[in-house]
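Working notes, beginning with the structure itself.
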Amino acid sequence: MTTGTLDQRGRALGVLRLSLTARCNLACRYCRPENQDPPALLTHQQRLKLVGAAARLGCRRLRLTGGEPLLAPGLVPLVQAVKALDLVEDVALTSNGVLLDRPLARRLQQAGLDRVTISLDGADPRAVLRMGGGHSFAHVLAAVGHAQAVGLPVKINTVVMAHGNGDQVIPMARLCRRLGVELRLIEYMDVGNRNGWRPEQVLTAAAMTTRIARHWPLEPVGRRHGATARRWRYRDGGGFVSTIASISEPFCGDCNRLRVTADGMAYTCLFAGQGTDLKPALDPRQPDAVLVRQLRSLWQQRQDRYSEERRSQQTSPAPRPSPAEMAYIGG
Ligand code: SAM
Ligand code: SF4
């Protein structure tokens with residue numbers, strides 16, 4: 001098995017983020033999905049072929065995402081088939097949770113899903129409505145309970161917009177402490193072309209943890225190599241909270257993620273303007289080696305460090321080709 005392919009900055013491929021659809025049943029303010037899938041989505045077999053090829057290059061973790069992945073047909077069989085391949089150590093799902101009822105949570109757990117991250121942007125129905133999450137609050141809260149009840153480890157993602165749900169940092173921390181779930185507070189990022197991102201809308205990770213620490217003292221745990229989240233432990237034993245600070249503390253230096261859209265376009269950075277079409281190599285008539293070769297070459301040429309470049313240019317990054325939308329590229 002070939003392992004440890006490095007990019008131009010010495011970074012190994014660690015995580016494949018595979019989007020199953022660009023469609024979504026919500027319309028979060030910071031994401032603004034188009035609600036239409038591109039033509040020719042990857043088939044079950046093509047997805048498995050992709051996971052196999054990524055694993056050949058050393059990738060050990062798969063995250064299924066979207067759009068909203070629970071809208072995509074074939075999710076449970078995909079999880080089951082990936083686990084049966086036994087090529088990756090960890091299969092995770094990122095979902096808005098709206099469609100996650102108890103039977104589906106159980107089927108996913110039985111299929112071998114290792115963990116789920118559920119997005120929730122406020123600790124009460126009005127805050128969620130304000131952020132574009134419609135009337136989903138009760139469903140999402142219930143989804144967290146369903147995942148916990150069937151034994152799926154759960155985390156909650158909250159994207160924080162300073163003038164949108166900046167007031168939800170403490171309520172979300174309180175809610176997650178009560179639920180026994182780790183909260184991941186995400187800085188609002190300039191992904192895509194539709195969310196009207198402005199630097200003033202970013203509440204930095206430091207500002208968020210300072211607020212939380214006034215209520216519940218925190219102790220830093222740090223950031224694992226290749227991880228996006230910096231973790232903090234509540235000193236009173238109330239669990240953990242983490243921050244994803246792509247704007248204020250970029251982590252490009254050890255970024256190990258390859259993103260592939262539902263129609264088979266590979267992106268080596270969340271902020272990339274251009275993807276690489278894997279579909280010809282994913283054609284079932286092509287030997288697996290063709291795809292492995294294409295992925296290896298793509299990874300070896302990778303130089304991306306957009307967030308670091310943005311920070312070094314302060315508030316106005318250099319113009320770049322029109323970037324892909326978040327719901328298409330999968331977050
Ligand atoms: N629909 C699923 C969900 O929301 O969890 C999965 C797809 S969503 C694109 C993946 C993650 O990206 C979510 O946690 C979402 O909150 C986050 N996200 C979307 N737009 C963002 C932005 N502009 N800045 C930071 N995070 C964002
Ligand atoms: Fe949908 Fe997720 Fe985008 Fe919200 S962040 S609109 S739930 S894809």
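The numbers here are math on the coordinates, done by the rules we state, and not lab data. All values derive from a computational prediction rather than experimental measurement. Ideal geometry is used to build each Cβ from the backbone, glycine not excepted, and the neighbour counts take in all protein chains shown.
Points to keep in mind about this one:
- Note on residue 126 and residue 312: their simple-model spin labels are 4.6 nm apart, each label 7 Å out from Cα toward Cβ.
- Across the stretch 295-308, rounded Karplus estimates of 3J(HN,Hα) from the backbone phi angles (6.51 cos²θ - 1.76 cosθ + 1.60, θ = phi - 60°) give 5, 4, 5, 4, 5, 5, 8, 5, 10, 3, 7, 4, 5, 5 Hz, Gly and Pro being marked x.
- Nitroxide proxy distance, nm - points 7 Å out along Cα→Cβ at residue 193 and residue 139: 3.0
- Cβ charges +1 (Lys, Arg) and -1 (Asp, Glu), total dipole of the stretch 206-326, debye: 360
- Here residue 49 is the anchor, and the lysines within straight C-alpha reach of less than 19 Å, apart from those fewer than 8 places off in the same chain, are 83, 279.
- Around the Cα centre of the stretch 15-329, unit charges on the Cβ atoms of Lys, Arg, Asp and Glu (plus for the first two, minus for the last two) sum to a dipole of about 460 debye.
- Adding -39500 (n - 2.57) for every DSSP H run of four residues or longer, then dividing by how many residues the chain holds, sets the calculated 222 nm ellipticity at -9000 deg cm²/dmol.
- Model label sites at residue 303 and residue 101, defined 7 Å from Cα along the beta-carbon direction, differ in position by 5.2 nm.
- Per-residue extension of 0.36 nm, minus the Cα-Cα distance of residue 210 and residue 27, leaves a gain of 62.9 nm for this segment.
- Which of 95, 297 has the fewest Cβ neighbours within 10 Å, and the rest in rising order: 297, 95
- Principal axis dimensions, largest first and in whole angstrom, of the stretch 15-329 by Cα: 59, 48, 35
- Applied to the stretch 224-233, the Karplus parametrisation 6.51 cos²θ - 1.76 cosθ + 1.60 on θ = phi - 60° returns per-residue 3J(HN,Hα) values of 5, 4, x, 8, 8, 9, 9, 9, 9, 9 Hz, with x for Gly and Pro.
- Note on residue 174/residue 115: beta-carbon distance plugged into 1/(1 + (r/R0)^6) with R0 of 35 Å gives a FRET efficiency of 0.95.
- Residue order, fewest to most beta carbons within 10 Å, for 216, 299: 216, 299
- Here the residues 117, 204, ranked from fewest to most Cβ neighbours within 10 Å of their Cβ, fall in the order 204, 117.
- Summarising the amide proton neighbourhood of residue 152: residues at separation of 5 or more, or on other chains, whose placed amide H is nearer than 5 Å comprise an empty set.
- Under-5 Å amide H pairs with residue 97, H placed in peptide plane, nonlocal only: 119
- In the chain, taking the dipole from charged Cβ atoms about the Cα centre, the farthest positive-side position among 192, 120, 284 is held by 120.
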